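Notes follow the structure.
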Amino acid sequence: MRRRLTLILLGVTVLAALGLLSSIVTQGFQDLARAEDERQRLERDRERLERRISELETTLEAVRNDPEAVESLARRELGWIRPDEKILIIASPTPPPPPISLTDPTPTPILSLRD
């Protein structure tokens with residue numbers, strides 16, 4: 001009887017240890033998956049930033065060596081114009097307000113400023 005109790009306790013202890021080990025390993029795999037996702041996101045960010053750096057270096061080189069590039073950049077980024085140029089602003093018409101319905105209730109003001 002005593003030997004049987006010892007075997008049962010040993011079995012329960014082994015199962016508890018295996019359960020604990022399993023949860024630790026599972027948590028490790030989850031952490032590893034999250035770290036891999038983060039690494040991939042950072043890699044995409046790095047590639048995007050490298051492309052942006054390349055674009056800026058190209059723009060900088062053009063600005064240093066080409067007066068037309070300076071003018072183009074000033075016009076596009078700063079909205080500059082030459083002294084003899086005129087700007088034509090074309091405004092789109094404002095749509096008319098919706099018609100007032102005579103069947104809808106008229107709102108009552110909460111506060112009147114006439115008194």
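The values are calculated or read from the model by the stated rules, or taken from the named source; none is laboratory data. Because the structure is a prediction, the values reported are computed rather than measured. Cβ atoms come from the backbone with ideal geometry, glycine included; neighbour counts cover every protein chain shown.
Observations, loosely collected:
- Any chance I90 is assigned to a loop (DSSP other than H, G, I, E, B) and among the hydrophobic types (A, V, I, L, M, F, W, C): yes
- Within segment 85-113, residues that are of a type in the set (A, V, I, L, M, F, W, C) reach partners that are surrounded by 10 or more Cβ atoms within 10 Å (Cβ to Cβ) and at pLDDT 80 or above with beta carbons closer than 9 Å, at six or more positions or on different chains, in the pairs I87/I81.
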